[in-house]
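Chemist: Have a look at this one.
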Amino acid sequence: MLRDLFEAIAWLFEDVLFIPLDWLRHLQDDSWFLANTLNWIFLIIGILAFGFWLKQLRIFEKEEPEETQPNPYLG
């Protein structure tokens with residue numbers, strides 16, 4: 001029974017979820033850029049996230065720091 005579960009999981013990933021990746025792999029003969037579309041998408045998302053992060057750091061750096069003393073009830 002446990003073996004059937006693992007075979008079902010293997011079937012799901014190999015025959016269903018990896019179909020788009022197989023399609024991208026077959027594009028390798030046509031164009032390197034098309035074959036690496038997914039990589040380009042992740043690269044663009046990473047660059048945008050890094051830019052957003054730097055923008056937020058600048059915003060917080062410009063703000064006046066609040067009082068750094070702990071609350072009186074903390075001792």
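Chemist: In the range 27-41, which residues are surrounded by 10 or more Cβ atoms within 10 Å (Cβ to Cβ) and either part of a helix (DSSP H, G or I) or touching an Asp or Glu at 6+ places or on another chain (Cβ under 7 Å) (or both)?
Modeler: 27, 28, 33, 34, 35, 37, 38, 39, 40, 41, listed by residue number.
Chemist: Taking residue 4 as the residue in question, decide whether it is at negative phi, surrounded by 10 or more Cβ atoms within 10 Å (Cβ to Cβ) and of a type in the set (Asp, Glu).
Modeler: No, not satisfied.
Chemist: Exactly one of (1) on the phi < 0 side of the Ramachandran plot; (2) of a type outside the set (A, V, I, L, M, F, W, C); (3) more than 23 Å from the chain's Cα centre (by Cα); (4) modelled with pLDDT under 95 is unmet by residue 75. Its number?
Modeler: (1)
The values are calculated or read from the model by the stated rules, or taken from the named source; none is laboratory data. Bear in mind that the values here come from a model prediction, so they are computed numbers and not experimental data. FYI the Cβ positions are ideal-geometry reconstructions off the backbone, even for glycines, and counts take in every protein chain you see.
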